[in-house]
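Peer 1: First the structure, then my questions, so here it is.
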Amino acid sequence: MSQRDPIRVFVCHAWEQSDDYQRVFEYLESARNFYYRNCSNPEQHPVDKSVEGLREELRRQIAPAEVVVALSSLYATHRDLLVFQLHFAKASEKPVLLMPGFGREVVLPRDVTGLADLSAAWDERALVDAIRRQARHEDTTRWDTIEFKIE
C-alpha cells in the first residue's frame with residue numbers, strides 16, 4: 001500500500017453521514033502511513049429514488065472497494081439497507097469488517113454477524129490493522145515497547 005496504490009474502502013451508509021460514519025474517517029485520517037480511497041459517497045443520491053435505484057447506486061459504490069466496513073449502528077434505523085450492503089459485499093467476495101456501536105452496545109442477530117469476516121474495536125490502530133489484513137492480507141504485527149526503570 002502506498003500513495004499511488006491506496007486501499008479502496010467502502011463504509012456502509014444510509015444516504016447520510018452518521019456520527020459513526022464520520023468517526024471511521026477521523027480514525028483513518030489520523031493513522032500514519034495509511035493511504036486509502038473512500039468508495040462510499042452518501043451524498044451521491046441516485047436519480048431513481050426507488051428501492052431498486054438506491055440499491056443500484058450502492059452496488060456501484062461497493063464494486064470498486066477492496067473492503068467493506070459495516071457500522072452496526074445502522075441496524076437499528078436502516079436494517080434493510082445494511083443487510084443489503086452486507087449481502088452484496090459477500091456476493092462480490094469483498095471482506096466485511098464489522099464495527100460495534102460507538103459507546104453503546106448494539107445487539108445484532110446472528111444472520112448479520114455471520115456476514116462479517118472480522119470485528120474491530122473503535123481504536124485507530126485496530127481499525128487500520130483490520131483493514132490492511134482484510135483488504136491486502138498484509139501482516140500487521142506490531143510490537144509496543146514499554147520501558148521500565150528498575151531501582
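Taken together, the values in this text are just the output of simple stated rules run on the coordinates, not laboratory data. Here the structure is a predicted model, which means the values were calculated and not measured.
Peer 1: Collect residues whose amide H, placed 1.01 Å from N in the peptide plane, falls under 5 Å from the amide H of residue 11; neighbours closer than 5 in sequence don't count.
Peer 2: Distant-sequence amide H within range of residue 11: 39, 40, 69.
Peer 1: Calculate how steeply helix 19-30 sits against the longest principal axis of the alpha-carbon atoms of the chain, using the helix alpha-carbon long axis, and give the answer as 0 to 90 degrees to the nearest 10.
Peer 2: So the inclination is approximately 40 degrees.
Peer 1: To the nearest 10 degrees, how steep is helix 79-91 against the longest Cα principal axis of the chain, on a 0 to 90 scale?
Peer 2: Approximately 70 degrees, to the nearest ten.
Peer 1: Taking Cα centroids, how far is the range 82-151 from the range 4-81 in Å?
Peer 2: Distance between centres, Cα-based: 15 Å.
Peer 1: Using only Cα atoms, tell me the angle between helix 124-136 and the longest principal axis of the chain; keep it within 0 to 90° and round to the nearest 10.
Peer 2: 60 degrees
Peer 1: Taking H placed 1.01 Å from N in the peptide plane, check which residues at least 5 places from residue 118 or on another chain put their amide H under 5 Å from its amide H.
Peer 2: When sequence neighbours closer than 5 places are left aside, the close amide H contacts are 96, 98.
Peer 1: In square nanometres, what is the average projected area of the Cα convex hull of the range 1-42?
Peer 2: Values: hull surface 11.3 nm².
One quarter of the hull surface, i.e. the mean projection, equals 2.8 nm².
Peer 1: In deg cm²/dmol and to the nearest 500, what is the mean residue ellipticity at 222 nm of the chain if only DSSP H runs of at least 4 residues count, each as -39500 (n - 2.57), divided by the residue total?
Peer 2: Values: 6 runs with 58 residues, N = 151.
Value at 222 nm, helices only, nearest 500: -11000 deg cm²/dmol.
Peer 1: At q = 0.16, 0.21, 0.22 Å⁻¹, what is the log10 ratio I(q)/I(0) for the range 7-136, with the Debye formula run over Cα points and no solvent?
Peer 2: -0.73, -1.32, -1.46
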